[in-house]
1. Starting from the Cα gyration tensor of the stretch 235-385, take the square roots of the eigenvalues, sort them a ≥ b ≥ c, and report rounded, prolate or oblate (rounded when a/c is under 1.5, otherwise prolate if a/b is larger than b/c, else oblate).
2. With each label point set 7 Å from Cα along the Cα-Cβ vector, what nm distance links L110 and D436?
3. Considering Cα pairs under 8 angstrom that are at least six residues apart, work out the relative contact order of the chain and quote it in whole percent.
4. Suppose we keep just the alpha-carbon trace of the chain; what are its Rg and Dmax in angstrom?
5. Could you size up the charge dipole of the chain around its Cα centre, putting +1 on the beta carbon of Lys and Arg and -1 on that of Asp and Glu, and report it in debye to the nearest 20?
6. In the chain, what percentage of the DSSP-assigned beta bridges are antiparallel, given to the nearest 5?
7. Under 5 Å between amide H atoms, partner at least 5 residues away or on a different chain: which partners does W126 have, H built in plane at 1.01 Å?
8. Roughly speaking, what is the stretch gain from S411 to W284, that is 0.36 nm per residue apart minus the C-alpha to C-alpha distance, in nm to one decimal?
Amino acid sequence: ARMALPALALLLAAGLLHTQASPSARSFQLDYEHNCFRKDGAAFRYISGSIHYARVPRPAWRDRLLKMYMSGLSAVQVYVPWNYHETLPGVYDFTGNRDVEAFLDLTAELGLLVILRPGPYICAEWEMGGLPAWLLWKPDIILRTSDPAFLAAVDSWLHILLPKIKPRLYQHGGNIISVQVENEYGSYYACDHGYLQHLLGSFRALLGREVLLFTTDSTGAEELRCGTLQGLYATIDFGPGSNVTEAFGAQRRVEPKGPLVNSEYYTGWLDYWGEAHASTSAVWVARGLEDMLQLGASINMQVVSWQRAQPAGEYMFHGGTNFAYWSGADYKDQYKPVTTSYDYDAPLSEAGDPTEKLFAIRTVISKFQPLPAGPMPPATPKYAYGWVALRKYAELLDVLDVLCPCGPIQSQFPLTFEALKQAHGFVVYHTQLPWDVPDPATLGALPHSICDRGYVMLQKEYQGTLERDGQTTLNVTGRAGDTLDVVLENMGRISFGANTSDFKGLLGNLSLNSTPLSNWLIYPLAIDTAVQQGWPHTALPESSSGGRVGPAFYAGTFETPGIAWDTFVKFPGWSKGLLWINGFNLGRYWTCRGPQQTLFVPGSVLHVGRPNNITVLELEGAPPTPLLLFLDRPLYNRTLGRST
């Protein structure tokens, strides 16, 4: 199993007793004799759903959590992505959308319990599974093991994070009832019990002896052997269609006593670029949920990617959006980057709207416990702002002075993103043809050395794209001294698979007719920094050269009619790129590959009463008339998605 997308966390413990506990004796414990949880001494069952605060804008947190509460959930399951908070070694950000303490306090205000999953690895189809890319600055580091360099970084992080968590534990008057250690570790090749033992010691030292700590793994014997440890309660994950009795039999082989717990019940599926939009039957999900509730099991509902015998997902009750560069990737025989939308066919849509699946789940829950009084909050209002015209501002190669103000780095051979200390985005590799090439010659890369897409320009003319696990050669002609530029895009580091050490950039040299090219100028681009400072809207207009193909920036503005409602942007005739509105990075579009055809724009990023600045980086080719279309609903597979 793995942490891929929106998760509906359902935890149900057997035997629901109605005894009264002393208000001063706050406790949440395992009862091995009666195979249940006990909250304040009383047998307890909870139903929980997964939500990722990092995928939801802060102004929408209350709306999403309230809808989860009104669905009948008594708890939410929450991941903490390490790389979202420690952006550089020793540099922490817990402000704005990253204020996890504010999010946890809001769950308590709304009466929801919390199952916390602080990693350090979380999967979740999140960039590098939540591990910071700066760990790879040490190229020989062995992630998720007892490697001293990795443990030192983990310990430093846990000493920052867990003291923020401890006061919010249920035993200390908060609402966090349990904490997961690592995530689906049994699916990782290392099988390093010394690493798990180290984490157990750190969590106990920083959180105390009373908090309930647990693990989550799929039901395979090897996964449960490598992913479990004495002192950590072992739970499992599986999705609809599984044999419930057999699945819980696997848990019983490692936990003969205690509550039955499905920590990731997959309510949906994730999308990869280039594959069909995934969906899961509401009837199917509801039937599986009811079967488990009838067994008295504890369940965590999630929308997740579940592939054959290896579910590896991040369940979700509400998935949200992979804004900016935070989408991860899987490796299943080939590199599979995850879409910007993390809708995952979850009970709450990407925009936070109740779906048929939510109401089917709510009906099942009502058979086992009372629902909160009152109506379900409605869908958030949407607005179709219509067509917006853009103008071409500049070719990317013509504004390197703005995007790389410190200038290029000289190197005989290409350097990786990690060697350049560039976490996300783009790097430009620049050299020259060493001799005349009157007849087509092969510009090629070694296998697996393009990570992940390289947009090739010769004399600033777009030649084509080199791609990881795809096309790795192009035929070119030119003269000695002609400029050769490769705009290299990081599409997201692997978040689930055998190896999460996913280095980015040109991992090997490019060659011309098998002769390696050398003498590179390398430009790490800080595009987001420039856009957040108002560029290109505050800059003087460029005289844009070239045609409509190759990496280039487009800009425009639009005004809202006195309202700032959620909306969806369609890219008719565009190919692949990124969108910023008012400096906020809304993520990648890739309309020519799909399935996602629109990007979700939260109303909270829009202005009322003044222009909204649009910036688009198109990487391959813009339409003759560059227009965007703002809709009131999403598009998948070139057809209308679920009504929102």
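1. oblate
2. Result: 7.0 nm between the two label points.
3. 16 percent.
4. When restricted to the Cα atoms of the chain, Rg and Dmax are 25.0, 87 Å.
5. Around 1300 debye, computed over the chain.
6. Here the share of antiparallel DSSP bridges comes out near 75 percent.
7. Answer set, sorted by chain and number: G328.
8. Details: separation 127, 0.36 × 127 = 45.72 nm, distance 5.62 nm.
Length gained between S411 and W284: 40.1 nm.
The values are calculated or read from the model by the stated rules, or taken from the named source; none is laboratory data. A quick note: this is a predicted structure, and the numbers were derived from the prediction, not measured. A quick note on method: Cβ atoms are made from the backbone with ideal geometry, for glycine too, and the neighbour counts reach across all protein chains shown. Surface areas here come from the heavy atoms of the whole protein model, side chains and all, with no ligands, DNA or RNA. Shrake-Rupley method; radii C 1.70, N 1.55, O 1.52, S 1.80 Å.
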